[in-house]
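A quick write-up on the structure given underneath.
The values are calculated or read from the model by the stated rules, or taken from the named source; none is laboratory data. The model shown is predicted, which means the values in this text are computed figures rather than measured ones. Positions of Cβ are backbone-derived with ideal geometry, glycine not excepted, and every protein chain shown enters the neighbour counts. Ligands, DNA and RNA are stripped out before the accessible areas are found, and what is left, the full protein with its side chains, is counted by its heavy atoms. Shrake-Rupley method; radii C 1.70, N 1.55, O 1.52, S 1.80 Å.
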Amino acid sequence: MAVTTKQLCAISHLHDLSNATLYQNTELRARVAELEAELAAVKSAYTTATDIAALDKKAHNAQLSSLNRHISAISCSQAQDPLVLCVLDGDRLLFLRSLIEQGYQGGWKAAQEFTKAIAQELVQQGFVGFERLSFWITIYLNKRAVVTALRDEGMATPEQFEAFLVGFGQASPRFVIMDSGPGRESTEVKVKEYVKTYIRFPQTLRLFFGGIDDAYLSMYSSLEKEELVGKLVLVQPPSDASPAIRQMVAKSLQLDGLFMEERLTPLSARRPCPLLGLTEPALNPNVVTNGGLISPQSEGQGSMGPTPPPANRSPDHFRLIDPSKPLHKRKSHCLLYFGIRPTPSSENPPPCNEYYLMECSKGANCKYSHEWLLNSEQLETLARNAKKAPCNYLKNGLVCPWGDKCCWGHVCPSGARCFHLSKGKCWFKGDGMHPVTPGQVVETV
């Protein structure tokens, strides 16, 4: 078959295109190889620069740490009274039961023995030659919760523990016991701030910390980053500590015959603590009371544990109420507030609302009676009257931990149409304590 001229031209054109494509592909491959070589050079340079920067940073940090230690050493040598501080998380680390049971004498003895142990540890660490050392002990604890735990577990009475704390605190003017208030985190926060603040002081030689557990791992990490762990000494680390605590490089101090080995029941598993400080406006001006009607913890804070419920008491210890007298006529809280004296025939003191309806945390210091034998009808009357007094948690903008079980009023009995609310005199002052029902029209004055 003869090939025409037109076909020859087409074949020649295809040949030229093929050659051009091959040439272009070769050039592109060469360019890719060139770019890959340049990229590898850039990566190598970047890695080298990063390594150099990391080494420079490490050297800078080491130099800075050395300078800080040098400054600290100079400051300590010039300071008249170098500081040796000790802070204890009293919720986690408690002194021996045998010491607490001794009350005041036990507290004094614990303070003396603890001071001797710290002094011996300082000598072993080579801190000698100072004319004076200023030694401070600070104990933070949720006092109410610790007292309740000791009592519930049969370890000590509130009176014994209170006397123990007094004895410990009076052993030295530099021994301080601080009630951190309700809530498990309140003690942790205060201890963490104490450690992070005072361990940075150049005149602080050592800071002894008792009560370590996993809640303080973040604090320890920050001290480790700042290379301040060398000043820290862990007092009585728990034998069942987590691996993270066991791997800490800080020194530890085990003291025999001073602290409990076991831990109390976790505070978070206990009943909610009542609101504190409601009768001390000078100490807590932002918290208001009920204007005379007694709400949770509006009386003085004496004994700190909830009184056992009436069911746990023998009927022989109760007094019978005269059923011919209305329950609310017995020297009521409202009468006391307005200065009206009860009639001579009224029983005194009247029943304690919290004891019979929830649980009373004022114990022996409660001014109201726990000894009346109330029947179901009287209990219903007591509960109905208690709802006429506002709950101080809600009144102060807080969440009531008792919820629906709270014996005090969470809403005003008169609702949104409360006459006293329109005059600005209603005791139910919290948000949501005058709810508007659907379809209700509220008249504004």
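Given a 1.4 Å probe and the protein chains all in place, what does the accessible area of Thr26 round to, in Å² to the nearest 10?
Here the accessible area works out near 90 Å².
Whole angstrom only: what separates the Cα centroid of segment 358-431 from the Cα centroid of segment 41-65?
Using only Cα atoms to place each centre, the spacing works out to 67 Å.
Which shape class applies to segment 388-435: rounded if a/c is under 1.5, otherwise prolate when a/b exceeds b/c and oblate if not, where a ≥ b ≥ c are the square roots of the Cα gyration tensor eigenvalues?
Prolate, since a/c reaches 1.5 and a/b exceeds b/c.
Counting pairs of Cα atoms in segment 346-386, how many percent are more than 16 Å apart?
Tail fraction, whole percent: 30.
Can you sort Asp81, Asp404 by 1.4 Å-probe accessible area, starting with the largest?
The ordering from most to least exposed comes out as Asp404, Asp81.
Please go through the residue pairs Lys196/Lys231; Lys143/Lys405; Lys395/Lys425; Lys143/Lys190; Lys192/Lys231 and name each one whose alpha carbons sit more than 18 Å apart in this structure.
Violating the 18 Å limit, Cα to Cα: Lys143/Lys405.
Arrange the residues Tyr356, Tyr23 by how much accessible surface each exposes, largest first, with a 1.4 angstrom probe.
Correct descending sequence by accessible area is Tyr23, Tyr356.
Pop out the ³J(HN,Hα) list for segment 161-177 in order, Karplus 6.51 cos²θ - 1.76 cosθ + 1.60 with θ = phi - 60°, rounded to Hz; leave Gly and Pro as x.
5, 4, 5, 4, 5, 4, x, 5, x, 8, 5, 7, x, 9, 9, 10, 10
Collect residues whose amide H, placed 1.01 Å from N in the peptide plane, falls under 5 Å from the amide H of Val176; neighbours closer than 5 in sequence don't count.
Distant-sequence amide H within range of Val176: Ile137, Thr138, Ile139.
Please get the size of the charge dipole for segment 79-254, origin at its Cα centre, with Cβ charges of +1 on Lys and Arg and -1 on Asp and Glu, quoted in debye to the nearest 20.
Rounded to the nearest 20 debye, it is 320 debye.
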